[in-house]
Amino acid sequence: MSGVNKNIVILISGSGSNMAAIVETAQAHRWQERFGARVVAVISNKVAAQGLVWAKAQGISTASLDHTAFDSREAFDTALMAAIDAHAPTLVVLAGFMRILTPAFVRHYEGRLINIHPSLLPAFTGLKTHQRAIEMGCRFAGATVHRVTAELDHGDILDQAVVPVLPGDTAETLAARVLSQEHLMYPRAVERLLAQA
Ligand code: NHR
Ligand code: GAR
């Protein structure tokens, strides 16, 4: 990740609280001055994603590409790549992004594409992680920051955060406990990648 400008593009689908945590840490930790790094764009596959409203209010470029308007995953990913590449990103950050990406997309961003997944990988790849962890009787749950590969939730692990599963937890209470740790871990993981470059 050499060069003067390190552009970060964040992909979201919903509330975008991890995206906001990264943007706030970028400001508080002066990523622009220290690493030449800036969150330049936030892109959603859902027009109504709440995170877009927040990002726009911060003066960040926003865009949405409705995946249902495309005939295939390949067509959607091709358009998404064009929207992302317009910002010449050093790092593409999935933050609650809910569409599986094609091998061509993953190859295009190899080495600069990361995700946060709400489980302690390799346990509980895929969706409904908190419900499954509770049903299995797990005593601990958490989240994982990993590199994105063509195989879902299988890339190298960059960091993990652990939380207890407490008696009486529902998927919602556990998700909230995990999410509060994600907000600390994800910005830290991004900062570490920027510092390495
Ligand atoms: N793409 C690849 N190739 N590899 C990964 O590791 C990816 C990825 C795309 C997204 C995030 C992921 C997660 O952290 C992620 C990792 C969506 C689904 C899914 O099944 C699964 C995993 C993740 C994100 N999506 C459905 C689909 O058909 C749609 C579900 C919905 O819209 O609610 O794409 O968990
Ligand atoms: C987070 O918990 C994230 O780990 C998870 O969705 C939440 C998004 O919250 N991601 C996935 O489930 C990806 N399949 P946010 O939009 O407020 O950051």
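The values are calculated or read from the model by the stated rules, or taken from the named source; none is laboratory data. Keep in mind the model is a prediction, meaning the values are calculated, not measured. Here the Cβ is made from the backbone with ideal geometry for all residues, glycine too, and neighbour counts use every protein chain on show. Please note that ligands, DNA and RNA were not included when accessible areas were found on the heavy atoms of the full protein model with its side chains. Shrake-Rupley method; radii C 1.70, N 1.55, O 1.52, S 1.80 Å.
Here are the numbers for this structure:
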| item | result |
| --- | --- |
| Total residues in the range 83-98, condition under 15 Å from the mean Cα position of the chain (by Cα) and assigned to a helix (DSSP H, G or I) | 1 |
| Matching entry among L101, L80 (being on the phi < 0 side of the Ramachandran plot, part of a loop (DSSP other than H, G, I, E, B) and open to solvent by less than 40 Å² (accessible area, probe 1.4 Å)) | L101 |
| Flag for L65 being without any contact (Cβ under 8 Å) to a residue 60 or more places away in the chain, of a type in the set (A, V, I, L, M) and either out of contact with any Cys (no Cβ under 9 Å at 6 or more places or on another chain) or within 12 Å of ligand 1 (Cβ to nearest atom) (or both) | yes |
| Strands (runs of 3 or more DSSP E) (entirely within the range 106-197) containing at least 1 residues that are surrounded by 18 or more Cβ atoms within 10 Å (Cβ to Cβ) and of a type in the set (G, A, S) | 140-147, 157-164 |
| Filtered residues of the range 28-69 (kept if in a loop (DSSP other than H, G, I, E, B) and more than 17 Å from R99 (Cβ to Cβ)) | H29, R30, G36, Q58, G59, I60 |
| Test: residue in the range 104-118 that is among the β-branched types (V, I, T), more than 8 Å from ligand 1 (Cβ to nearest atom) and under 30 Å from F70 (Cα atoms) | yes |
| Scan of the range 125-142 for residues that are near ligand 1 (Cβ under 9 Å from one of its atoms) and either in contact with an Asp or Glu (Cβ under 9 Å, 6 or more places away or on another chain) or of a type in the set (D, E, K, R) (or both), ordered by number | T125, G126 |
| Criterion violated by A133 - all others in (1) more than 9 Å from ligand 2 (Cβ to nearest atom); (2) within 17 Å of the chain's Cα centre (by Cα); (3) not basic (K, R) satisfied | (2) |
| Subset of the range 89-98 [buried (at least 18 other Cβ atoms within 10 Å of the Cβ) and either of a type in the set (D, E) or within 16 Å of ligand 2 (Cβ to nearest atom) (or both)] | V92, V93, L94, A95, G96, F97 |
